[in-house]
Amino acid sequence: MQTDQAFDVLVVGCGAAGLSAGVAALECGVRVCILERATIEERGGNTRHTGSYIRMKSEDQVTDDFEEHFAQNAGGYIDPSLVAEAGGAPEQWSAPLRALSFTDPNVIARLAELAPPTLKWLTGFGVRFIPLEVPFPTSAQPRIQPSGGGRALVEALAAAFEQKGGTILYETAAQSLITESGRVVGVQAIGRGNQPVTLRAGAVVLASGGFQGNAEMMNRYIGPRAIYLKMMSVGCHYNKGEGIRMALDIGAASCGDFGSWHASPFDPRSKRAGASIYIYPYGILVNKHGRRFVNEAPGHTDATYEGVTREIFAQPQGIAWTIIDAKANEVPNQSVAIRTEQPAIESPTIEGLADKLGIPPEILRATVDEYNRACQPGAFDPRKLDHLATRGVTPAKSHWSRPIDTGPFRAYPIVSSIVFTFGGLKTDSLARVINLQGDPIPGLYAAGETQGLYYGTYTGATSVLKGAVFGRVAGQDAAALTRVQAGAH
Ligand SMILES: Cc1cc2nc3c(=O)[nH]c(=O)nc-3n(C[C@H](O)[C@H](O)[C@H](O)COP(=O)(O)OP(=O)(O)OC[C@H]3O[C@@H](n4cnc5c(N)ncnc54)[C@H](O)[C@@H]3O)c2cc1C
């Protein structure tokens, strides 16, 4: 199929970011087409499968730590002279700073500022936000959620997009960008049966997710151990990194840690999206050799699960088991703490459990005995940090330490899931893709996972929000750009 300038704005991807871009551009009165790799039934990538927690106190307020958490995870050891320069006006920034791979504070300030109006905009399509009473067994920060999760977002936005006259080409995957005189003027794509599709437009918004569904890129950027990562949802498989690659191919700068990902502790046996296991702070974690290797309870679950999961990933074959006893049933909200549909592996004795896990029984017995001896008397409170810490064992455990002594004993396997990749494209606060010289690439935008932003510890419950905020910004700016171009002709 060859279509010549049939659209003003092309959007690649039909998740929270792409649909927000598409609807926002349509609202500006331009013609919009979304290219989507999946079928209509599977549209929406990761967004379709997420509960879509949002790091906000209410629809009107982000959390108290919002910008601070991003700032604490802004990159590695950034050159102090560039950090100092970043405090000045963006128009005065040098080219190296404009193209720098780090979390731009202006982008984060924009995200925080536009979060409430973006949620209000979404409610205009019938999306309803609700507070989450217990998002995790214990939480440092509050969260809200769209009723019906990400799927409700996809369906509401897709309906609005279609009702406003937008076009979605399903089973059509973008492959490369078409440029003329330094401007992006279209997309080369591939339809069913390897049929080439050429689409031209005044601007392109890349919202095709990360590269978690591309084994070659995963190996190249994250390394050969990436095979031990488990996809958080089937939606991950659709995100194969072309959006990122095609922009890098025309000189885009990168942002976000290409060697890292958002990690969540996942039951590898599960067929379910989001089958995370958060019960481990109330027991212990052992590797396949039967040894503890991490402080299982360094703090609130929401603030620490990613760090613990990275330690699990570092173990042989990237796997660990949480060992709990019958007393773990006292932890309230079990369905929040144990999200897998798979049953626990169970035995009346520790040795019997070890047998079932393929761990040497005498080693697991010794590990449990050593941990039990290190537990101290005190009040156990699973709902808050109770400081019931171990003494005299390495690694130490900071909270909820009670002897594992009451059968039946249970275990769940845990691996690191990959929720999404951190590495993506550098943008400014208008979601314009920046080139390696620090200048916007005319006609090119990025939003959602495709827009790189995260380093270190993920600022939890901000990915959908970031997609919606910058998708909307990108759609509006892309539409304005194409209108200027139309006026100029
Ligand atoms: C189980 C689960 C729980 C999660 N929990 C949360 C949470 O609580 N809070 C939160 O903020 N985030 C959460 N996340 C992460 C979040 O869902 C995603 O990061 C976010 O939805 C990404 O939105 P997106 O629009 O960038 O990408 P996606 O929603 O993945 O959409 C990308 C779209 O692009 C399409 N596509 C890919 N390549 C191409 C191509 N070349 N051409 C055309 N189309 C293409 C895909 O098919 C897909 O439809 C969770 C994810 C999962 C799976």
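The values are calculated or read from the model by the stated rules, or taken from the named source; none is laboratory data. No experiment lies behind these values; they were computed from the predicted model shown. Every residue, glycine as well, gets a Cβ built from its backbone with ideal geometry; the counts of neighbours run over all protein chains shown.
Can you say whether Ile363 is more than 30 Å from Glu449 (Cβ to Cβ), touching a His at 6+ places or on another chain (Cβ under 8 Å), touching a residue at least 24 places away in the same chain (Cβ under 8 Å) and not in a loop (DSSP other than H, G, I, E, B), as far as the supplied structure shows? The answer is yes for Ile363. Might you check whether a residue that is away from the ligand (no atom under 13 Å from the Cβ), of a type in the set (S, T, N, Q) and either in contact with a Leu (Cβ under 6 Å, 6 or more places away or on another chain) or in a loop (DSSP other than H, G, I, E, B) (or both) occurs anywhere in segment 33-45? Scanning segment 33-45, I find no residue that is away from the ligand (no atom under 13 Å from the Cβ), of a type in the set (S, T, N, Q) and either in contact with a Leu (Cβ under 6 Å, 6 or more places away or on another chain) or in a loop (DSSP other than H, G, I, E, B) (or both), so the answer is no.
So, of the residues in segment 243-297 that are of a type in the set (Gly, Ala, Ser) and touching a Pro at 6+ places or on another chain (Cβ under 8 Å), which turns out to be surrounded by the most Cβ atoms within 10 Å (Cβ to Cβ)? By that ranking, first place goes to Ala297. Meeting the requirement of 2 or more residues that are more than 24 Å from Ile338 (Cα to Cα) and touching a strand residue (DSSP E or B) at 6+ places or on another chain (Cβ under 8 Å), the strands (runs of 3 or more DSSP E) wholly within segment 384-469 are 432-434, 440-446. Within segment 63-85, can one find any residue that is out of contact with any Ser or Thr (no Cβ under 6 Å at 6 or more places or on another chain), among the aromatic types (Phe, Trp, Tyr), more than 16 Å from the ligand (Cβ to nearest atom) and in a loop (DSSP other than H, G, I, E, B)? There is at least one residue in segment 63-85 that is out of contact with any Ser or Thr (no Cβ under 6 Å at 6 or more places or on another chain), among the aromatic types (Phe, Trp, Tyr), more than 16 Å from the ligand (Cβ to nearest atom) and in a loop (DSSP other than H, G, I, E, B).
So that you can scan it fast, the table gives a plain yes or no per residue for (1) modelled with pLDDT of 95 or more; (2) more than 25 Å from the chain's Cα centre (by Cα):
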residue	(1), (2)
Glu133	no, no
Pro137	yes, no
Ala152	yes, no
Ala158	yes, no
Gly165	yes, yes
Thr179	yes, yes
Val187	yes, yes
Gly202	yes, yes
Gly213	yes, no
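Tell me, which residue of segment 328-346 that is loosely packed, with under 13 Cβ neighbours inside 10 Å and in contact with a Pro (Cβ under 9 Å, 6 or more places away or on another chain) is nearest to Pro408 (Cα to Cα)? Among those residues, the one meeting the criterion is Glu330.
Of the candidates Gly460, Gly456, the single residue that is away from the ligand (no atom under 16 Å from the Cβ) and either closer than 29 Å to Thr50 by Cα or crowded, with 24+ Cβ neighbours inside 10 Å (or both) is Gly456. The listed residues are Ser270, Ser264, and the only one of them that is touching a residue at least 40 places away in the same chain (Cβ under 8 Å) and outside any loop (DSSP other than H, G, I, E, B) turns out to be Ser264. Restricting attention to segment 152-195, the residues that are touching a residue at least 12 places away in the same chain (Cβ under 8 Å) and acidic (Asp, Glu) total 1. Looking for something more than 16 Å from the ligand (Cβ to nearest atom) and not assigned by TED's automatic domain parsing to the domain that holds Ala226 - is there at least one such residue anywhere in segment 428-450? Checked against the condition, which is being more than 16 Å from the ligand (Cβ to nearest atom) and not assigned by TED's automatic domain parsing to the domain that holds Ala226, segment 428-450 yields no hits at all. Determine whether segment 145-157 contains at least one residue that is away from the ligand (no atom under 15 Å from the Cβ) and more than 17 Å from Val433 (Cβ to Cβ). Scanning segment 145-157, I find no residue that is away from the ligand (no atom under 15 Å from the Cβ) and more than 17 Å from Val433 (Cβ to Cβ), so the answer is no.
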